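Undergrad: Sharing a structure below in structure tokens format, with a few things to ask.
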Amino acid sequence: MRPAFAVGLVFAGCCSNVIFLELLARKHPGCGNIVTFAQFLFIAVEGFLFEADLGRKRPAIPIRYSIFKYTSIALVSVGIFICTFMSAKQVTSQSSSSENDGFQAFLRWLLGIGALTFALLMSARMGIFQETLYKQFGKHSKEALFYNHALPLPGFIFLASDIYDHAVLFNKSELYQVPFIGVTVPIMWFYLLMNVITQYVCIRGVFILTTECASLTVTLVVTLRKFVSLIFSILYFQNPFTLWHWLGTLFVFVGTLMYTEVWNNLGTTKSQLQKEDKKN
């Protein structure tokens, strides 16, 4: 029952989340940083209040590394960030005339694909790591949810300027009266609030799944969620649905059926029914 409830949270939360994300992105395509920051901040504050008990509750899963090692890793990360950022600024200033060059655009596209692939692999590895921790220390999905969103918060300081700029733009959006409450707020802030709430519902379901299912099952559910969100977005906003979309849909459903071994289950059910008929 608990895994089914978690899957319901994932699909309900994320499919509704994609609506508000697209409404935000259509008005301000570069608002990804403020959306992500708001999601992390909301989940971290909620966890700090109700899970960490204002910092008074000790984590059930202990932090195994010393402050010295955390500091060293932070320094290395900051150093790499500074070098990369400054190198990018130099390349941009030196070759601004070739920004629209097709080959460089293709390289940036490959870089983006590589980053997404790396993130997918790391996400799968984190799922295996979480599975190992839960076996050793017990199931603590809310604690994992809190620390996964609270610890990265300092990293948003590097994006503070962009977040502030989009907050100003959100303040300038048209006013909207919130249903049932009657409060009037800028509509972009309302979209952001709804995006944050639905994202919380979705990610809460994902972390419940990590305590109830194998990491491969969680990865499949999350991947299916992304696919369903994509299809839902295409249908809701009436974007073109081509033959390639149908082909991708077919692959997804066939792969899901293969993973769940539905044919074997059907065969087992059929044989059980035959046995029962013979008994009767």
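Undergrad: Hey, could you check segment 203-216 for residues that are over 16 Å from the mean Cα position of the chain (by Cα) and either of a type outside the set (D, E, K, R) or not in a helix (DSSP H, G or I) (or both) and say which is modelled with the lowest pLDDT?
TA: 216
Undergrad: Of all residues in segment 175-192, count the ones that are closer than 13 Å to residue 21 by Cα and open to solvent by 40 Å² or more (accessible area, probe 1.4 Å).
TA: Final tally of qualifying residues: 2.
Undergrad: For residue 78, all conditions in the list (1) more than 16 Å from residue 153 (Cβ to Cβ); (2) modelled with pLDDT under 85; (3) assigned to a helix (DSSP H, G or I); (4) of a type in the set (Val, Ile, Thr) hold save one; what is the number of the exception?
TA: (1)
Per-residue answers, yes or no, for (1) at pLDDT 85 or above; (2) of a type outside the set (A, V, I, L, M); (3) under 23 Å from residue 218 (Cα atoms):
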| position | (1), (2), (3) |
| --- | --- |
| 2 | no, yes, yes |
| 9 | yes, no, yes |
| 13 | yes, yes, yes |
| 29 | yes, yes, no |
| 34 | yes, no, no |
| 37 | yes, yes, no |
| 47 | yes, yes, yes |
| 50 | yes, yes, no |
| 55 | no, yes, no |
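Undergrad: To continue, here is another question. Under the condition of being assigned to a helix (DSSP H, G or I) and free of Cβ contacts under 8 Å to residues at least 60 places away in the same chain, which residue from segment 142-159 is least open to solvent (accessible area, probe 1.4 Å)? Let's see the steps before the verdict.
TA: Applying the first criterion (assigned to a helix (DSSP H, G or I)) to segment 142-159 yields 142-150, 153-159.
Next, from what is left, pick out any that are free of Cβ contacts under 8 Å to residues at least 60 places away in the same chain: 148, 154-155, 157.
Numbers: 148: 54, 154: 90, 155: 39, 157: 124 Å².
Checked segment 142-159; the qualifying residue least open to solvent (accessible area, probe 1.4 Å) is 155.
Undergrad: Considering segment 1-22 alone, what residues qualify as being open to solvent by 50 Å² or more (accessible area, probe 1.4 Å) and under 28 Å from residue 157 (Cβ atoms)? Quick ask: steps written out before the conclusion?
TA: Applying the first criterion (open to solvent by 50 Å² or more (accessible area, probe 1.4 Å)) to segment 1-22 yields 1-2, 4-5, 11-12, 21.
21, the sole residue that qualifies.
Undergrad: Moving to a separate point now. Across segment 193-202, what is the number of residues that are within 14 Å of the chain's Cα centre (by Cα) and open to solvent by 30 Å² or more (accessible area, probe 1.4 Å)?
TA: Our first condition is that a residue be within 14 Å of the chain's Cα centre (by Cα); within segment 193-202, this holds for 195-202.
This time we only want the ones that are open to solvent by 30 Å² or more (accessible area, probe 1.4 Å), so: 197, 199-201.
Here the count works out to 4.
Undergrad: Would you point out the residue of segment 3-33, among those that are over 15 Å from the mean Cα position of the chain (by Cα), without any contact (Cβ under 8 Å) to a residue 12 or more places away in the chain and assigned to a helix (DSSP H, G or I), that is farthest from residue 200 (Cα to Cα)?
TA: In this case the residue turns out to be 26.
The values are calculated or read from the model by the stated rules, or taken from the named source; none is laboratory data. Everything quoted here is computed from the prediction, not taken from an experiment. Here the Cβ is made from the backbone with ideal geometry for all residues, glycine too, and neighbour counts use every protein chain on show. The protein model used for the area step is the full one, side chains on, heavy atoms only, and it has no ligands, DNA or RNA in it. Shrake-Rupley method; radii C 1.70, N 1.55, O 1.52, S 1.80 Å.
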